[in-house]
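The numbers here are math on the coordinates, done by the rules we state, and not lab data. Please read all numbers here as calculations on a predicted model, not as lab measurements. Quick reminder, even Gly has a Cβ in these numbers, built from the backbone with ideal geometry, and neighbours come from all protein chains shown.
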Amino acid sequence: MSLAYPLGLLGLIAVPVLIIIYIIKNKYTEQLVTSTYLWTLSEKFLKRKNPISKIAGIISLILQILAVIAISFAIAHPVFALPGKAKDYCFVLDGSGSMNISRGSKTRFDIGKDEIKSIISGSVEGSAFTLIFAGNTTDVVFQDLEDKDRALSLLNDITPAYISSGFADAIGSTQKIFDANPSVLNYLITDKSYSESSNVEIINVSAGENNYALSEVEYTVGSGKLTGKAFTYESDASVTVNLYKNGSGEIADAVKLDLKKLEGKEFSFDIGDANFSSLTVEIEEKDALALDNKVVIFNDYTDPSFRTLIVSETPFFIEGALTALGAGKPDKIKPSDPDYSQSGLSGYNLYVFEGRAPDKVPTDGAVWYINPDKSTENSGFTVQGDPVQTLGTLEFSKSTKTEVKKILAGTENVQGNDIFITKYSKCGPYRKYTTALSYDNSPMIFTLTNAYGNKQVVFAFDFHSSDFTVSASYPILMSNLLNYTFPDIVDRSSYYCGETAVINVLANCDSIRVDTPLGGIEYLETGSDICEYDLREVGVYKITMMIANSPRSVNIYSAMPEEERFTAVSDASFVISGTAQSGGRDGRYDDLIALFIILAVIFIADWTVYCYEQYQLR
């Protein structure tokens, strides 16, 4: 036995003090009685009925001495050694996405942590604990920690990830620990079963919970349809898939599906044009994992922060095109309107001038020119002379430049050059430009940036004096040119958790803010053309770029990885090589509960003797 606080034994000094007090204490007390006769009679009676009266006082002293000794030892905190009774424990905790599957009010992850808590709490004092957590990364949370309370506190702070973690790094870390100490007891807490394991006890927390999921959900602009698949992973089921538009809580459409276990069943909804801000698809029935029951598709051109202004006397064609492409409802103004002012043009992401070029180029947004009538300073091109009357077909560029290929992407199947014009304006670009379509070696549709670094698209002909708006190339080119003008901040709006989103840093970008599904806020570097961001949460991320003091926001949805949706998963092996040993470390017993029980008994006994002495022996 050893003492944690030996100075506590100084309390034993109270023992001789008690004895001295007992010796010098006046043992006589003065009491009033009614008569000498009654007092004498009661004395005879007490002597006859209470033979232990002579030793009552010494019993109380002994009990008080024992209480002082017990208190002194409690303060000194005795520790009893238990040779070889303590163990070393190494826990590997699975933190992958499937551990979020619920069983009643607890997730598999919570149940796994409870298993570890039970082992730690039931272990002999002096045992050492190591925890390896396989979540977003594989981390050793603590190692060779003997403090149970500290270990349990650190365990409580861990939360599960949403990705497919894998155990390669965890096996490597566990193997190093086992090589250094072959007597360590290894535990793997997971929801996967293994056909082969060695030197590890596997605690499987899965229980065949019911789970449904959505997969391959996407919207196709050309068809106007939203399609996807629904799955059930545990047993056959009937589910209802609901469609919600623009964040509304009202069901816009629904479909009932009879599902077979592990067999995906397709569904589709007719959406029409892309004039929506978001489409949400969700399985109505509840299951053990709600994270994979919903998918959101975004059209960020309809975000309220994206604004378009059309300056035109006849904006019908361009307004219809932008609306069909999902760019929302543009603001419109006529050049002949008395309220039209060149100096008042600001606050828009896209300016479209049809039939009339501006006196000044807007400095805070992209610009489209349709049939410009004059040159504009800082625009990067000039309009040379009056419109040229002609009748001809525009030629598609054969250039292999990446920008040209992106603008003309999708026009490969168009039969010939199908765009006819009757007149055009001869334009002379003097800044670096790219021609997509031309006529008689003059650029008819070309792109360039202006002096303020903003992108521009020039249509050197009048939509109303051509068949451009009814040609097969029209919707394709307009969509591609919109994407050129406002390149996607991210290449798609749907990802899986664990993937890396590549973010295009747009021109004049001052800052990039990312709002995560769980409420986090992060700011990204803007020093290069692209930056990467790892998606670690399930749900909606909002990415906001500040471009020339004007925000542009896009939303992306990060879904649960498909491999983490299965309720029962088998893996190949979790093998720790080597021969286990049965050794242990010295444990200890330092629980003071027994000492406190003894102390309580002593106090009760002393109080009983005191009461007996006061009220029965007199």
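The distance separating the Cα centre of region 227-306 from that of region 494-562 comes to 23 Å. Placing a label point 7 Å from the Cα of ASN549 along the Cα-to-Cβ direction, the residues of region 361-392 whose backbone N falls under 14 Å from that point are 363-365. Treating r as the C-beta distance of ARG431 and GLU522 and R0 as 41 Å, the FRET efficiency rounds to 0.70. Ordering PHE486, PHE468, PHE603 from the fewest to the most neighbouring beta carbons within 10 Å gives PHE603, PHE486, PHE468. Region 425-449 and region 143-171 have their alpha-carbon centroids 61 Å apart. Can you work out D for region 302-485 in µm² s⁻¹ from Stokes-Einstein, where Rh is the Kirkwood radius over C-alpha pairs, the temperature is 10 °C and the viscosity is 1.306 mPa s? Answer from the Stokes-Einstein relation: 96 µm²/s.
Please report how far the C-alpha centroid of region 470-487 lies from that of region 378-408, rounded to the nearest whole angstrom. Distance between centres, Cα-based: 14 Å.
Listing ILE20, ILE543 from the residue with the fewest other Cβ atoms within 10 Å to the one with the most, what is the order? Display every interim value, and only then the final one.
On the way: ILE20 10, ILE543 20.
Listed from fewest to most nearby Cβ atoms, that is ILE20, ILE543.
Based on Cα contacts under 8 Å between residues 6+ apart, the chain shows a relative contact order of 16 percent.
Going by neighbour counts of Cβ atoms within 10 Å, the residues LEU257, LEU345 line up, fewest first, as LEU257, LEU345. Rounded to the nearest 5, the antiparallel percentage of DSSP beta bridges internal to the chain is 70%.
Net charge of the neighbourhood of LYS406, taken over other residues with C-beta under 14 Å away and scored Lys/Arg +1, Asp/Glu -1, is -1.
Viscosity 1.567 mPa s, temperature 4 °C: give me the Stokes-Einstein translational D for region 341-432 in µm²/s, with Rh taken as the Kirkwood radius over C-alpha pairs. The partial results should precede the final answer.
Numbers: Rh = 15.5 Å.
It comes out at roughly 84 µm²/s.
Between ASN181 and ALA324, the simple spin-label model (points 7 angstrom out along Cα→Cβ) gives 7.1 nm.
Return the ratio Rg/(2.2 N^0.38 Å) for region 212-298, where Rg is computed over Cα atoms only.
Taking N as the residue count of region 212-298, the ratio is 1.05.
Here the Debye sum runs over all C-alpha atoms of region 494-559 as equal scatterers in vacuum, and log10 of I(q)/I(0) at q = 0.15, 0.18, 0.21 Å⁻¹ comes out as -0.43, -0.61, -0.82. For Cα extents along the principal axes in Å, the value calculated from this model appears in (1) 77, 62, 42; (2) 75, 59, 49; (3) 146, 62, 47 under label (3).
A simple charge model with +1 on the Cβ of Lys and Arg, -1 on the Cβ of Asp and Glu and nothing else charged puts the dipole of region 212-298 at about 60 debye relative to its Cα centre.
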